[in-house]
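Could you have a look at this structure, given as structure tokens, before my questions?
The values are calculated or read from the model by the stated rules, or taken from the named source; none is laboratory data. Predicted model only: the values in this text are computed from it and were never measured. In this analysis, Cβ positions are derived from the backbone assuming ideal geometry, glycine residues included, and neighbour counts consider all displayed protein chains.
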Amino acid sequence: ISPKQWSQFWKIRLTPPARNTWFRLIHNKWPSMTRLNHFMPSTYPSPHCQYCFYPSQDTRHLAINCPSRLQVWQAIWSLLLPTHPFDPDIIWYSLLFFHNSPDITTISHHHWHQFLGMTLHAIWTAHWANIFDNVPFSPSYIIKTVSASLS
């Protein structure tokens, strides 16, 4: 990310926890099962996704590609960009490299980045509620929460 993009990143209207979640993703510091298995194989013997049992839960899978996460991203995308075909690659590269909105006529770059940060943090929060409090990961609840905050 360029210095100008970092400057834009710090100007997005997000809560500090949401900004921290995104910052950690950019720096590949999310504790995915692949990462945990690499550093602590005796504690985390398998890199499999605990939600869909995909063989390798890397950061991208944990944030976007797991079917439960994909459901969230796709639903929120359809609210913001109803005429633009859903593309998880656009989301991933926008998160990692701060790419702009795929359709500026529908959503401004500022709101695009705000949507990314809010959705990412809602997924992160739900993931940890599942891990620590055994709260089921509920895409419909996350979609409802993010949709309400975007209104």
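Are any of the residues in region 23-45 within 17 Å of residue 128 (Cα to Cα), hydrophobic (A, V, I, L, M, F, W, C), touching a Cys at 6+ places or on another chain (Cβ under 9 Å) and modelled with pLDDT under 95?
The answer is yes; a qualifying residue exists.
A further question follows. Can you name every residue in region 110-142 that is among the aliphatic types (A, V, I, L, M) and buried (at least 20 other Cβ atoms within 10 Å of the Cβ)?
Matches in region 110-142: 116, 118, 120, 122, 123, 126, 142.
Looking at this structure, is residue 13 over 16 Å from residue 92 (Cα atoms), part of a loop (DSSP other than H, G, I, E, B) and of a type in the set (D, E, K, R)? Reasoning before the result, please.
Numbers: over 16 Å from residue 92 (Cα atoms): yes; part of a loop (DSSP other than H, G, I, E, B): yes; of a type in the set (D, E, K, R): yes.
Yes: the conditions hold for residue 13.
Against the condition out of contact with any strand residue (DSSP E or B) (no Cβ under 8 Å at 6 or more places or on another chain), among the polar types (S, T, N, Q) and in a helix (DSSP H, G or I), how does residue 50 come out, does it pass? So that I can check it myself, show each step before the final result.
Working: out of contact with any strand residue (DSSP E or B) (no Cβ under 8 Å at 6 or more places or on another chain): yes; among the polar types (S, T, N, Q): yes; in a helix (DSSP H, G or I): no.
So residue 50 does not fit the description; no.
On to the next question. Identify, from the list 1, 107, 12, 76, the residue that is touching a residue at least 40 places away in the same chain (Cβ under 8 Å), surrounded by 14 or more Cβ atoms within 10 Å (Cβ to Cβ) and more than 23 Å from residue 137 (Cβ to Cβ). Show your work before the answer.
Values: 1 fails: surrounded by 14 or more Cβ atoms within 10 Å (Cβ to Cβ); 107 fails: touching a residue at least 40 places away in the same chain (Cβ under 8 Å); 76 fails: more than 23 Å from residue 137 (Cβ to Cβ).
So the residue among 1, 107, 12, 76 that is touching a residue at least 40 places away in the same chain (Cβ under 8 Å), surrounded by 14 or more Cβ atoms within 10 Å (Cβ to Cβ) and more than 23 Å from residue 137 (Cβ to Cβ) is 12.
Any residue in region 31-57 that is without any contact (Cβ under 8 Å) to a residue 60 or more places away in the chain sitting within a Cβ distance under 7 Å of a residue that is basic (Lys, Arg)? List the pairs, counting only those 6 or more apart or interchain.
Qualifying pairs under 7 Å: none.
Now, a different point. Yes or no: residue 75 over 20 Å from residue 17 (Cα atoms) and not in a loop (DSSP other than H, G, I, E, B)?
On the way: over 20 Å from residue 17 (Cα atoms): yes; not in a loop (DSSP other than H, G, I, E, B): yes.
When the stated conditions are applied, residue 75 passes them.
In this structure, is residue 21 part of a helix (DSSP H, G or I), hydroxyl-bearing (Ser, Thr, Tyr) and within 13 Å of the chain's Cα centre (by Cα)?
On the way: part of a helix (DSSP H, G or I): yes; hydroxyl-bearing (Ser, Thr, Tyr): yes; within 13 Å of the chain's Cα centre (by Cα): yes.
Spelling it out, residue 21 is indeed part of a helix (DSSP H, G or I), hydroxyl-bearing (Ser, Thr, Tyr) and within 13 Å of the chain's Cα centre (by Cα).
Take the residues in region 29-39 that are within 16 Å of residue 124 (Cα to Cα) and touching a Ser or Thr at 6+ places or on another chain (Cβ under 6 Å), then tell me which one is surrounded by the most Cβ atoms within 10 Å (Cβ to Cβ).
32
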